[in-house]
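> Structure incoming, see below.
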Amino acid sequence: MIEARFYAAEGDGVRCLLCPHHCFIKEGRRGICRSRECREGKLWALSYGTPCAVADDPVEKKPLNHFMPGTRCLSLSCTGCNLSCRWCQNSDISQAAPENADRYVLSPEEAVDLCFRQGLPSIAYTYTEPFTWWEYMYDMAVLAHGRGLKNILVSAGYVEKEPLKVLLPYLDAANIDIKAMDDGFYRKWCGATLAPVLENIIEMKAAGIHVEITNLLVTGLNDSSGQVTALCEWMEDSGLQDVPLHLSRFFPRYRMTSPDPTPTATLLAARNIALSHGIRHVYLGNV
Ligand code: SF4
Ligand code: SF4
């Protein structure tokens, strides 16, 4: 573990300033993401250098369809997420504390070396929420850039402005998940809020990062034409028609064992809505 960045001492604990939850964490306790703990008046990033997943994936699996197509990336993940989506496909690691998962020991230097040994031109921070292991991601991203590798973020985008700003110079591409264009949906099903996610996407685009967006359409919850239209109107109004949009099919998982998978017809209808709003690259995922 390593001392965390982005926190402040407060009363008999610390206030984590990494994400909009702003957890107040008392001595010996952890934040919502289970990744950051207060010990002796300091905040610690618990999973530093101990990823629970290390894989070699095609970049299209992130999904990124317009960034270094045909290449593969070192895909890394530590435990932890600051959201709690009921259908999470990676809940065994996203909702786990570090000590409850099998982990490797892999320093940022070793991870970068591994890319060169395997001939991989990029590192993807993925599978859980990379911002909850910000320090490990950041150190690796700086080293990777210094040796000519690209950095890819796969995230729900729920982070504070400052940690994002510090990371941005080292990021090359990102796939950001928009759960729904509905704050109530975020609060009820994901334990987060919508506004910071949208603001952060705009911030990344303004910084010149290659961004793609994923929207998982959950049967009966966020797959109405009204919801899809709201997303596409926001993209249109924000000048994001060139941002590739991945409309992804829901499958029952984790705490959401129903409803049925999203009907293909619903996904095709959503794609037509997106195209009619001028979104130029619309892909269907999990089909
Ligand atoms: S990063 Fe974790 S500990 Fe920090 S505010 Fe977010 S959920 Fe809380
Ligand atoms: S944001 Fe992603 S990793 Fe986190 S709970 Fe939701 S689906 Fe799982």
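The values are calculated or read from the model by the stated rules, or taken from the named source; none is laboratory data. Predicted model, so just to flag it, every value in this text is computed and none were measured. Don't worry about glycine lacking a Cβ; one is built from the backbone with ideal geometry, like all the others, and counts go over all protein chains shown. The area values use the complete protein model at the heavy-atom level, side chains included, leaving out ligands, DNA and RNA. Shrake-Rupley method; radii C 1.70, N 1.55, O 1.52, S 1.80 Å.
> Out of all the residues in the stretch 137-156, which are assigned to a helix (DSSP H, G or I) and either away from ligand 2 (no atom under 16 Å from the Cβ) or not assigned by TED's automatic domain parsing to the domain that holds residue 216 (or both)?
138, 139, 140, 141, 142, 143, 144, 145, 146
> Does residue 282 satisfy the condition of being buried (at least 19 other Cβ atoms within 10 Å of the Cβ) and either under 21 Å from residue 156 (Cα atoms) or in contact with a Phe, Trp or Tyr (Cβ under 6 Å, 6 or more places away or on another chain) (or both)?
No, not satisfied.
> Out of all the residues in the stretch 31-57, which are open to solvent by 70 Å² or more (accessible area, probe 1.4 Å) and within 16 Å of ligand 2 (Cβ to nearest atom)?
Listed by number, the residues that qualify are 32, 34.
> Those residues that are of a type in the set (Val, Ile, Thr), open to solvent by less than 10 Å² (accessible area, probe 1.4 Å) and assigned to a helix (DSSP H, G or I), I need them from the stretch 87-132; list them, please.
112, 132
> So which of 75, 84 ends up being within 16 Å of ligand 2 (Cβ to nearest atom), modelled with pLDDT of 95 or more and not in a loop (DSSP other than H, G, I, E, B)?
75
> Could you check residue 124 against (1) away from ligand 2 (no atom under 16 Å from the Cβ); (2) in contact with a Cys (Cβ under 6 Å, 6 or more places away or on another chain) and say which number it fails?
Of everything listed in (1) away from ligand 2 (no atom under 16 Å from the Cβ); (2) in contact with a Cys (Cβ under 6 Å, 6 or more places away or on another chain), residue 124 misses just condition (1).
> Moving to a separate point now. Restricting to the stretch 1-25, name every residue that is assigned to a strand (DSSP E or B), open to solvent by 50 Å² or more (accessible area, probe 1.4 Å), farther than 27 Å from residue 107 by Cβ and within 12 Å of ligand 1 (Cβ to nearest atom).
15, 24
> What's the total number of residues in the stretch 58-72 that are open to solvent by 30 Å² or more (accessible area, probe 1.4 Å) and either within 16 Å of ligand 2 (Cβ to nearest atom) or not acidic (Asp, Glu) (or both)?
Result for the stretch 58-72: 10.
> Let me ask you something else. Tell me yes or no: at least one residue of the stretch 208-216 is touching a residue at least 12 places away in the same chain (Cβ under 8 Å) and more than 22 Å from residue 125 (Cα to Cα).
Taking every residue of the stretch 208-216 in turn, none turns out to be touching a residue at least 12 places away in the same chain (Cβ under 8 Å) and more than 22 Å from residue 125 (Cα to Cα).
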